[in-house]
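Here is the structure we will look at, set down as structure tokens.
The values are calculated or read from the model by the stated rules, or taken from the named source; none is laboratory data. Since this is a predicted model, take the numbers as computed values, not measurements. Cβ placement follows ideal geometry from the backbone for every residue including glycine, while neighbour counts extend to all protein chains displayed. For accessibility, only protein heavy atoms count, side chains too; no ligands or nucleic acids. Shrake-Rupley method; radii C 1.70, N 1.55, O 1.52, S 1.80 Å.
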Amino acid sequence: MGLFSKKKKETKSCCCSGSYTPKAMGKAEAAKATAEVKVLGSGCAKCSALEDAVRAALMELGMDTTIDHVADFAQIAAYGVMTTPALVVDGKVVSYGRVLKKDEAKAVIQKVRTST
């Protein structure tokens, strides 16, 4: 009979499958705190063109930020992006489905950085 049996312990699922350590959590929090720019896409010519435009915009702005290129479709979908290339600045999707020119990328980056 199941009336007096112990309740099963509920486990919450997370992105790390419960295998986190304090060191790993500290590393993840530090990564969140730093400014980040990501280009989401498969690595096609359009994605590369967006990355080049963003790199040039960052140089003009005098920002020393690395650009991560995310090609894993599961990670891209996690951002809610269905069309690539896409640009993510500080965790916010700011453009998707088109290649930004250098001046457009510069304006978008400035807007996101000043609003945070």
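Just from the alpha-carbon atoms, what are the Rg and Dmax of the range 60-116 in angstroms?
In Å, with Rg to one decimal and Dmax whole: 11.7, 32.
With a 1.4 Å probe and all protein chains kept in place, how do L61, L40 rank by accessible area, largest first? Kindly include the intermediate steps, with their values, before the conclusion.
Numbers: L61 45, L40 0 Å².
Most to least solvent-accessible, the answer reads L61, L40.
If the label point is 7 Å along Cα→Cβ of I67, which residues in the range 73-87 have backbone nitrogen under 14 Å from it?
Counting backbone N atoms under 14 Å from the label point, the list is 85-87.
How much net charge surrounds A56 when only other residues with a Cβ under 13 Å from its Cβ are counted (Lys, Arg +1; Asp, Glu -1)? Write out the running numbers ahead of the final one.
Working: positive: R55, K101, K102, K106; negative: E51, D52, E60, D103, E104.
It works out to a net charge of -1.
Please give, to one decimal in nm, the separation of the simple spin-label points placed at A77 and S115, each 7 Å out from Cα toward the Cβ.
It works out to 2.7 nm between the two label points.
I want the local charge near R113. Using Cβ-Cβ distances under 14 Å, sum +1 for each Lys or Arg and -1 for each Asp or Glu among the other residues. Intermediate results must be reported in sequence, preceding the final value.
Working: positive: K92, K106, K111; negative: E36, E60, D64, D90.
Cβ neighbours under 14 Å give a net charge of -1.
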